[in-house]
Amino acid sequence: MNELIELTAAAAAQRVRAREIDPAELFEAYRARAAADDLNAFTWVAPRAPAGEYPGDAPLAGVPLAVKDLFCTEGVPSQAGSRILEGYRPPYTATVVANLQRAGAPLLGKTNQDEFAMGSSNENSAYGPVLNPWDRARVPGGSSGGSAAAVAAGLAPWAIGTDTGGSIRQPAALCGIVGLKPTYGACSRFGMIAFASSLDQAGPLTRDVTDAALLLAHMVGRDRRDSTSLEFPEAIRVPRAEDLSGIRLGVPEELTGAGGGVEPGVRESFEATLARAEGLGASVEPCRLPHAPHALSAYYLIAPAEASANLARFDGVRYGLREDGEAGLVSMYSQTRSHGFGAEVKRRIMLGTYALSSGYYDAYYGTAQKVRTKIAEDFRTAFERFDFIVTPTSPWTAFALGAKTDDPLAMYLNDFCTVPMPLAGIPAISIPSGLSDGLPVGFQLAGPAFSENRLLDAAHALERAIGFDGSPARRSGESAARG
Ligand code: GLN
């Protein structure tokens with residue numbers, strides 16, 4: 001395999017800065033692999049390296065970046081996995097993408113995703129499912145499945161995605177890479193095609209924790225075009241911790257007990273990781289998150305309610321697809337929306353519209369918001385005694401393509417352990433903790449708002465102790481490179 005591909009993004013950046021690697025060659029090595037992608041991870045690949053000077057001295061040193069389709073990128077298709085946005089090329093670039101470009105990470109390509117980020121398997125994309133490089137008969141997870149598969153297969157050095165209920169962490173877990181969902185408000189949502197605005201956050205999907213820190217450092221910050229964005233209270237540092245001495249880990253029975261349906265192989269890897277954490281000096285104790293089992297129910301009212309409002313703008317007038325334009329306005333609306341949206345998106349619009357309708361609003365949406373407050377309070381109480389809450393990221397490893405497509409409720413259970421954190425607005429990271437039957441398992445750590453530096457440090461110490469080897473997936477990506 002091309003030795004450039006074996007470098008982490010941070011290592012590649014360092015060698016570019018030391019003038020040992022030509023950034024144009026690095027870009028082309030990845031561009032060739034991405035262009036030959038046979039996982040359907042990319043929906044668009046840059047036709048050539050960006051013109052002009054390579055930002056060799058910039059912090060990200062010209063290391064190319066894969067970007068989830070729903071980030072608007074000026075002049076480049078930004079379709080959010082939907083037919084309704086087919087051919088849409090925005091006139092502007094999302095703030096986090098612009099920030100990363102300015103820091104020296106050129107755009108390598110746009111990655112496939114579940115339509116409007118609704119899904120856990122990438123099978124809801126209008127552009128076809130993505131295959132998991134560990135086993136091509138299985139899903140990569142979702143909704144940022146293209147980003148996760150691209151990084152795991154070495155088709156991109158690193159990528160960004162979005163997480164509303166788990167869409168960075170769950171695909172990271174299923175593909176054996178690192179995924180971080182930042183504190184709500186840490187990254188601007190400007191230019192991110194919205195799913196559920198009170199939950200959506202951008203974050204990195206990377207080969208290791210150091211790469212995640214490096215990328216995150218250039219994503220965060222207040223943006224006057226997103227009034228919910230905040231100045232991050234400190235600089236994001238490169239994590240250096242090698243042990244966990246004094247760190248108190250809480251294991252919530254509600255998410256890790258029998259109720260969550262955690263697979264035996266995942267449980268084994270989770271317990272082995274807890275033992276490793278203790279070996280590194282952490283204390284591990286059970287904790288309580290009494291309302292966490294209700295997180296999915298609250299999420300599946302709040303997220304669809306917000307989605308139904310956000311998706312009202314796709315009416316055939318302003319963006320992308322327009323059908324039946326001659327037959328009158330109402331017919332044009334309904335034809336455009338019935339042909340443009342997929343089944344899961346329609347399901348959520350109907351659920352959300354119903355939950356917000358007068359007479360039902362208090363019973364459904366209002367109650368869900370109260371549950372959300374309780375969940376946030378549970379975490380606040382837990383963090384009085386614990387530094388981090390830990391769980392398996394996903395109850396199971398990558399499942400077969402098609403295994404859950406006929407059963408939306410079974411699909412929703414993928415996010416049992418990842419949905420509580422975005423409801424509380426807190427950050428969480430997933431790191432690979434090992435393999436179960438040859439498939440990656442994810443370990444999740446969640447911390448209080450703005451604890452990203454401590455979270456990255458803890459994840460870094462654990463990552464070193466675990467020593468996960470992601471190279472089999474990159475070798476699988478090699479068949480793509482040979483085309
Ligand atoms: N799988 C969850 C859903 O379908 C979460 C998606 C996400 O985080 N964007 O809504």
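Could you tell me whether Gly316 is more than 25 Å from the chain's Cα centre (by Cα), buried (at least 19 other Cβ atoms within 10 Å of the Cβ) and either in a helix (DSSP H, G or I) or assigned by TED's automatic domain parsing to the domain that holds Leu356 (or both)?
Numbers: more than 25 Å from the chain's Cα centre (by Cα): yes; buried (at least 19 other Cβ atoms within 10 Å of the Cβ): yes; either in a helix (DSSP H, G or I) or assigned by TED's automatic domain parsing to the domain that holds Leu356 (or both): yes.
Judged against the criteria, Gly316 is a match.
Would a scan of segment 54-76 turn up a residue that is of a type in the set (Ser, Thr, Tyr), buried (at least 24 other Cβ atoms within 10 Å of the Cβ) and either part of a loop (DSSP other than H, G, I, E, B) or not assigned by TED's automatic domain parsing to the domain that holds Gly128 (or both)?
Within segment 54-76, none of the residues are of a type in the set (Ser, Thr, Tyr), buried (at least 24 other Cβ atoms within 10 Å of the Cβ) and either part of a loop (DSSP other than H, G, I, E, B) or not assigned by TED's automatic domain parsing to the domain that holds Gly128 (or both).
Among the residues of segment 330-369, what is the count of those that are exposed (fewer than 13 other Cβ atoms within 10 Å of the Cβ), within 30 Å of Pro290 (Cβ to Cβ) and either within 16 Å of the ligand (Cβ to nearest atom) or not assigned by TED's automatic domain parsing to the domain that holds Asp315 (or both)?
Residues meeting the conditions: 0.
Which is surrounded by fewer than 24 Cβ atoms within 10 Å (Cβ to Cβ) and in contact with a strand residue (DSSP E or B) (Cβ under 6 Å, 6 or more places away or on another chain), of Gly281, Gly260, Gly203, Gly250?
Gly250
If you go through segment 150-171 one residue at a time, how many are away from the ligand (no atom under 12 Å from the Cβ) and either touching a helix residue (DSSP H, G or I) at 6+ places or on another chain (Cβ under 6 Å) or outside the structural domain of Gly87 (by TED's automatic domain parsing) (or both)?
Qualifying residue count for the region: 8.
Would you list the helices (runs of 4 or more DSSP H) that sit entirely within segment 129-228 and hold 1 or more residues that are under 21 Å from Gly104 (Cβ atoms)?
Per the criteria, 145-152, 209-217.
Determine whether Ala312 is within 21 Å of Cys417 (Cβ to Cβ), more than 16 Å from the ligand (Cβ to nearest atom) and not hydroxyl-bearing (Ser, Thr, Tyr).
No: the conditions fail for Ala312.
Name the residue that is surrounded by the most Cβ atoms within 10 Å (Cβ to Cβ), counting only residues in segment 111-123 that are part of a loop (DSSP other than H, G, I, E, B) and near the ligand (Cβ under 8 Å from one of its atoms). Steps first, answer last, please.
Start the filter on segment 111-123 by keeping residues that are part of a loop (DSSP other than H, G, I, E, B), which leaves 112-114, 118-123.
From what's left, near the ligand (Cβ under 8 Å from one of its atoms): 114, 118-120.
Values: Asp114: 33, Met118: 28, Gly119: 29, Ser120: 28.
Filtering segment 111-123 for residues that are part of a loop (DSSP other than H, G, I, E, B) and near the ligand (Cβ under 8 Å from one of its atoms), the one surrounded by the most Cβ atoms within 10 Å (Cβ to Cβ) comes out as Asp114.
Could you tell me whether Asp135 is within 11 Å of the ligand (Cβ to nearest atom) and among the acidic types (Asp, Glu)?
no
Residues are listed down the side, and each one gets a yes or a no for (1) away from the ligand (no atom under 16 Å from the Cβ); (2) farther than 18 Å from Thr393 by Cα:
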site: Arg276; (1), (2): yes, no
site: Val284; (1), (2): yes, no
site: Ser297; (1), (2): no, yes
site: Ile302; (1), (2): no, yes
site: Gly316; (1), (2): yes, yes
site: Gly320; (1), (2): yes, yes
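Residues to consider are Arg372, Arg337; find the one that is basic (Lys, Arg) and either over 26 Å from Met421 (Cα atoms) or in contact with a strand residue (DSSP E or B) (Cβ under 9 Å, 6 or more places away or on another chain) (or both).
Arg337
Evaluate the following for Leu100: is it outside any loop (DSSP other than H, G, I, E, B) and more than 16 Å from the ligand (Cβ to nearest atom)?
Against the criterion (outside any loop (DSSP other than H, G, I, E, B) and more than 16 Å from the ligand (Cβ to nearest atom)), Leu100 qualifies.
Here is a yes/no grid of residues against (1) in a helix (DSSP H, G or I); (2) within 16 Å of Gly203 (Cβ to Cβ); (3) of a type in the set (A, V, I, L, M, F, W, C):
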position	(1), (2), (3)
Cys417	no, no, yes
Gly434	no, no, no
Val441	no, no, yes
Phe450	no, yes, yes
Arg454	yes, no, no
Ala473	yes, no, yes
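Using the structure shown, decide if Leu214 is away from the ligand (no atom under 16 Å from the Cβ) and under 22 Å from Pro422 (Cβ atoms).
Against the criterion (away from the ligand (no atom under 16 Å from the Cβ) and under 22 Å from Pro422 (Cβ atoms)), Leu214 does not qualify.
Kindly indicate whether any position in segment 405-420 is at pLDDT 95 or above, aromatic (Phe, Trp, Tyr), touching a Pro at 6+ places or on another chain (Cβ under 7 Å) and within 16 Å of the ligand (Cβ to nearest atom).
yes
State yes or no: is Ser433 within 28 Å of Glu123 (Cβ to Cβ), in the same structural domain as Arg267 (by TED's automatic domain parsing), surrounded by 17 or more Cβ atoms within 10 Å (Cβ to Cβ) and within 16 Å of the ligand (Cβ to nearest atom)?
Spelling it out, it is not the case that Ser433 is within 28 Å of Glu123 (Cβ to Cβ), in the same structural domain as Arg267 (by TED's automatic domain parsing), surrounded by 17 or more Cβ atoms within 10 Å (Cβ to Cβ) and within 16 Å of the ligand (Cβ to nearest atom).
The values are calculated or read from the model by the stated rules, or taken from the named source; none is laboratory data. All values derive from a computational prediction rather than experimental measurement. Neighbour counts are summed over all protein chains in view; Cβ atoms, including those assigned to glycine, are modelled from backbone coordinates with ideal geometry.
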